[in-house]
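The values are calculated or read from the model by the stated rules, or taken from the named source; none is laboratory data. Predicted model only: the values in this text are computed from it and were never measured. Note: ideal-geometry Cβ built from the backbone for every residue, glycine included; neighbour counts use all protein chains shown. Only protein heavy atoms, including side chains, enter the accessible area calculation; ligands, DNA and RNA are left aside. Shrake-Rupley method; radii C 1.70, N 1.55, O 1.52, S 1.80 Å.
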Number of protein chains: 2
Amino acid sequence: MIPIIGHGIKTMSIGFLTREEDALVWRGPILHKVLRQFVKDVNWGHLDWLVVDLPPGTGDVQLSLAQLVKASGALMVTTPQQIAFRDVRRAVTMFSKVNVPILGLVENMSYFICPHCHEKTEIFSGSHPDKREISEGFSIETLARIPIEPSIAQSGEKGVPIVFSEPESETSKKFMELAELLKKKLGE
Amino acid sequence: MIPIIGHGIKTMSIGFLTREEDALVWRGPILHKVLRQFVKDVNWGHLDWLVVDLPPGTGDVQLSLAQLVKASGALMVTTPQQIAFRDVRRAVTMFSKVNVPILGLVENMSYFICPHCHEKTEIFSGSHPDKREISEGFSIETLARIPIEPSIAQSGEKGVPIVFSEPESETSKKFMELAELLKKKLGE
């Protein structure tokens, strides 16, 4: 399989191989095979990094991936609520068990700037700008706080990442800073 | 197993049976067993309705549940973006395959009312107040549009549903209207 190149990035997705209305009613073993094909049978060529966007949770996909590749690190993405952070704690525990280093935390939907009055609202309580405790004496560093913002949603709908459509925006700068931080952490 | 009763509702969750920091690294077959236990081995007693909150997607849990119980209907919950709605289309296709009727659509995070200036922002474009097309000639009815709102997040954090903590709020009224609509649809 040959990956599709968009904005300079090679991509592969199950969405490229199915009709939009098809339901992918797949149990774990099939999911495992597809994941294996995406890692081994795609003509990736030279890559700086292979980024895998995982669904939430600690199930079949996460387990299979950890068995298929030796991951350099896992980046946790969450919304600020305590109840969402519980899932992060579970995922951190899982990735530790399978020896995948945790790179840090990205807080999504962190706050909202009203386009009418420009006031800031932290819609979800529990935002932590610094770091959050996983267990006693073990915390995870917050690498970025991304606002909930119409322009991010719009850029997603149009298929043009906000770092291309509005590179000078505050949000784009946050994404670029996050990328730099990750490069450093991964020792590039 | 005896369910925990909160706000008049019997509940059972894997979260009641595990420590908060435990990762549930379960493949599909174990998930299937747990789901089976939750349906068959919990002393539910008399129930008006059994509501099962499913994770996103069309995977093991959805399949197993459809095999375990004869569901009266599936309620789709989505955010307004086109890209999120694609997953709804897939789920509708899956539930149709296993003969589960589709009750309708709830649009979550539909809009935001700024607490400072009271202006409304549709953060995610693509909101459809009426109905949305699944395929040619087949559409899904929008039963409710729920705003993204700090008080919903706060009530979730405190463990007190907003219909109890702020029963007179617009959002609570929307939830109650949705419940009435569903009761009607289910022929109660």
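When the helix-only estimate is applied to the protein assembly as shown (DSSP H runs of n ≥ 4, each -39,500 (n - 2.57), divided by the residue count), what is the mean residue ellipticity at 222 nm, nearest 500 deg cm²/dmol?
Details: 12 runs with 134 residues, N = 376.
Per the formula, -11000 deg cm²/dmol.
Ignoring ligands, DNA and RNA and using a 1.4 Å probe, state the total buried accessible area between B and A in Å², rounded to the nearest 100.
Approximately 3900 Å² gets buried when B meets A.
Per residue of A:154-165, how many C-beta atoms from partner chains lie within 10 Å of its own C-beta, taken as a mean? Please report the intermediate quantities before stating the final value.
On the way: counts 5, 0, 6, 7, 1, 1, 0, 0, 0, 0, 0, 0.
Averaged over the peptide's residues, the number is 2.
Give me the accessible area per residue for the stretch A:61-119, probe 1.4 Å, as a whole number in Å².
Details: 2610 Å² over 59 residues.
Heavy-atom SASA per residue in the stretch A:61-119 reads 44 Å².
Mind checking the stretch A:9-72 for trypsin sites (Lys or Arg not before Pro) that DSSP puts in a loop (not H, G, I, E or B) and that have at most 13 other Cβ atoms within 10 Å?
Here the trypsin sites (Lys or Arg not before Pro) that fit, given the DSSP loop and packing criteria, are A:R19, A:K70.
Suppose you put the label 7 Å out from Cα in the Cβ direction; list, shortest first and in nm with one decimal, how far B:G45 is from each other copy's label.
Nearest to farthest, the other copies are at 6.6 nm.
Other chains near A:109-121: what is the mean number of their Cβ atoms within 10 Å of each residue's Cβ? Show your work: numbers first, answer last.
Details: counts 4, 0, 0, 6, 2, 9, 4, 7, 5, 3, 4, 1, 7.
Whole-number average of other-chain Cβ neighbours for A:109-121 is 4.
Would you grab the residues whose amide H sits under 5 Å from the one on A:L75? Only those 5+ places off in sequence or on another chain, please, with H modelled 1.01 Å from N.
Placed amide hydrogens put A:L103 under 5 Å from A:L75.
Taking the Cα centre of the protein assembly as shown as origin, sum charge times position over the Cβ atoms of Lys and Arg (+1) and Asp and Glu (-1), and report the length of that vector in debye to the nearest 20.
1420
Carbon and sulfur atoms: what percent of the 1.4 Å accessible area of the stretch A:1-153 do they account for?
Ligands and nucleic acids excluded, carbon and sulfur reach 54 percent.
Between the DSSP loop rule and a limit of at most 15 other Cβ atoms within 10 Å, which GluC sites (Glu not before Pro) in the stretch A:141-174 are left? Before the final figure, lay out each step's value.
Details: sites: A:E141, A:E157, A:E168, A:E170; in loops: A:E168.
Passing both the DSSP loop test and the Cβ count: A:E168.
If you plug each phi of the stretch B:160-168 into the Karplus form 6.51 cos²θ - 1.76 cosθ + 1.60 with θ = phi - 60°, what whole-Hz ³J(HN,Hα) values come out, in order, with x for Gly and Pro?
Per residue, the Karplus-derived 3J(HN,Hα) values read 10, x, 4, 5, 9, 6, 9, x, 8 Hz.
PRE reach from A:F16 (point 7 Å along Cα→Cβ): which of the stretch A:142-169 fall under 18 Å by backbone N?
Residues A:159-161 fall inside that zone.
HN-Hα J couplings of the stretch A:106-116 from phi, Karplus 6.51/-1.76/1.60, θ = phi - 60°, integer Hz, Gly and Pro as x?
Taking θ as phi minus 60°, the curve returns 10, 8, 8, 6, 5, 7, 10, 9, 5, x, 8 Hz for the stretch A:106-116.
Please list, ordered by chain and number, the residues whose modelled amide H lies under 5 Å from the amide H of A:K131; skip anything fewer than 5 residues away on the same chain.
A:T142
Give the accessible surface of the stretch A:138-183 per residue, rounded to a whole number of Å², with probe radius 1.4 Å and ligands, DNA and RNA excluded.
Dividing the accessible area of the stretch A:138-183 by its residue count gives 53 Å².
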